[in-house]
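The values are calculated or read from the model by the stated rules, or taken from the named source; none is laboratory data. Just so we're clear, the structure is a prediction, and the values are computed from it rather than from any experiment. For neighbour counting, all protein chains shown are included, and Cβ atoms are generated from backbone atoms with ideal geometry for every residue, glycine included. Note: accessible area is taken over every heavy atom of the protein model, side chains too, but ligands, DNA and RNA are not part of it. Shrake-Rupley method; radii C 1.70, N 1.55, O 1.52, S 1.80 Å.
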Amino acid sequence: MQTKIVGIEEGVIGVKIIDPRGNIHLVEIDTEDEESNDLHAQDSYPIDSSSLNKKEERLMDQVLARARYEAHLQTDFNIVRDGWDPRQLRRGVDALEKMPLDQFDEAFREYYHALINPERTKQEYGITEGRVEFEGEPRIALIMKGFCINDENEVVEVLPDMYIYYSKEDIEETYTTGTPASCSEGTTQITPMVPPFVEVPEDFVYPEDFRGFLINNLICQIRDVYRNMGEIPPKQYDIEGYGKPKGNFDRDEY
């Protein structure tokens, strides 16, 4: 998409977007009210969202995501969270790559065991039948484990708890448990997020391969951030693997 900042006035950023179909959108982002919806003006699609087809609705969401990222890039306002900024996720990749292997082992061993033994994780976190919000046997859908990096792209802290999404096969709604901890001021939070292993490959070597596995997840998150904005990911990030659990794109296309 073609993008341009057209003005900043009283904390409101105006962004012009030309979508892949050549249609013009104007988006206004209120930087002082995080709860307000971005104003989105365009003359090429139905104004009533209920009249949009799925592809058009996805395109509208991609335009908004692209506008917010452009505002984040081109102004001094902090519009996008670190986990949706490809530059910050790339810093997370660099931090894991240069982290000494023994330190990585100590920091992420618990996360590894949670992923390879989800039944034990369910017991530890109380995700068991009779203790969850629905009837039947729950399953873990996703486990997240954040870490904090400094300006030198060094891991300075691994957040102590995990954050877990769980559900059941016949329901779409997901539930959460764990502590959504955050990093201290002056550091950047990076969060790997992956489903439990179906099985561990016979040739999988811990901790070396697990570090590569987490790096793959962060690279795939970068890939999905671009897809979320309706952009083609740069070649070095357009790889196979699990990235973001949700986004403004059709996973079946990939």
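Structure notes:
- Whole-number D in µm²/s for segment 2-74 (Stokes-Einstein; Kirkwood sum over Cα pairs; 4 °C, 1.567 mPa s): 103
- Per-pair calculated FRET efficiency, R0 = 22 Å: Ser182 and Leu101 via Cβ, rounded to 0.05: 0.25
- Other residues with beta-carbon under 12 Å from the beta-carbon of Ala181 carry, at +1 per Lys or Arg and -1 per Asp or Glu, a net charge of -1.
- The GNM of the chain, with springs linking C-alpha atoms under 10 angstrom apart, assigns the highest mean-square fluctuation among Phe104, Phe147, Phe134 to Phe134.
- Here's how it looks for Glu157: its modeled amide H is under 5 Å from those of Cys148, which are all 5 or more places away or on a different chain.
- Normalised by the number of residues in the chain, the average gap of Cα pairs under 8 Å and 6 or more apart makes the relative contact order 16 percent.
- Exposed trypsin sites (Lys or Arg not before Pro) absent: longest stretch of the chain, with sites in DSSP loops and at most 14 other Cβ within 10 Å deemed exposed: 132-245
- Percent of alpha-carbon pairs separated by more than 22 Å within the chain: 62
- Pairwise FRET efficiency - Arg21 versus Asn117, Cβ, R0 = 45 Å, nearest 0.05: 0.40
- Ranking Asn153, Tyr112, Ser182 by Cα position along the charge dipole of segment 77-184, where only Lys, Arg, Asp and Glu carry charges on their C-beta atoms, puts Asn153 farthest toward the positive end.
- Within straight-line cross-link reach of Lys145, lysines at Cα separation under 20 Å, skipping those fewer than 8 residues along the same chain: Lys98, Lys122, Lys244, Lys246
- Per residue, the accessible area of segment 2-74 comes to 63 Å², computed with a 1.4 Å probe over protein heavy atoms only.
- Enclosed volume per residue, in Å³, of the convex hull spanned by Cα atoms of segment 90-141: 100
- Counting protein heavy atoms only, the chain has 43 percent of its accessible area on carbon and sulfur, 1.4 angstrom probe.
- Stretched out straight at 0.36 nm per residue, the stretch from Glu240 to Glu56 would grow longer than its current Cα-Cα span by 63.6 nm.
- Neighbourhood net charge (13 Å Cβ-Cβ; Lys/Arg +1, Asp/Glu -1) for Gly212: -3
- Cβ screening of the chain for cysteine pairs under 4.7 Å finds these without a partner: Cys220.
- For segment 48-147: rounded, prolate or oblate by the Cα gyration tensor [a/c cutoff 1.5]: oblate
- Taking the C-alpha atoms of segment 197-254, convex hull volume expressed per residue in Å³: 95
- Length available on full extension from Val198 to Glu129: 0.36 nm per residue minus the Cα-Cα distance, which gives 22.8 nm.
- Enclosing the Cα atoms of segment 72-212 in their convex hull gives a volume equal to 134 cubic angstrom per residue.
- Of the residues Asp252, Asp102, Asp224, Asp38, the one with the largest accessible area comes first in the ranking Asp252, Asp102, Asp38, Asp224, computed with a 1.4 Å probe on protein heavy atoms.
- Within segment 174-254, GluC sites (Glu not before Pro) in DSSP loop having at most 10 other beta-carbon neighbours inside 10 Å: Glu185, Glu199, Glu202, Glu240
- Around the Cα centre of the chain, unit charges on the Cβ atoms of Lys, Arg, Asp and Glu (plus for the first two, minus for the last two) sum to a dipole of about 620 debye.
- Over the residues of the chain, the helix contribution to mean residue ellipticity at 222 nm works out to -10000 deg cm²/dmol, using -39500 (n - 2.57) for each DSSP H run of at least 4.
- The C-alpha atoms of the chain define a longest principal axis, and helix 208-228 lies at about 20 degrees to it.
- Cα shape, segment 162-245, gyration tensor, a/c 1.5 rule: rounded
- For the pair Glu169 and Ala41, the difference between a 0.36 nm per residue extended length and the Cα-Cα distance amounts to 42.2 nm.
- Choice from Gln74, Gln221, Gln62 with maximal GNM fluctuation in the chain (Cα, 10 Å cutoff): Gln74
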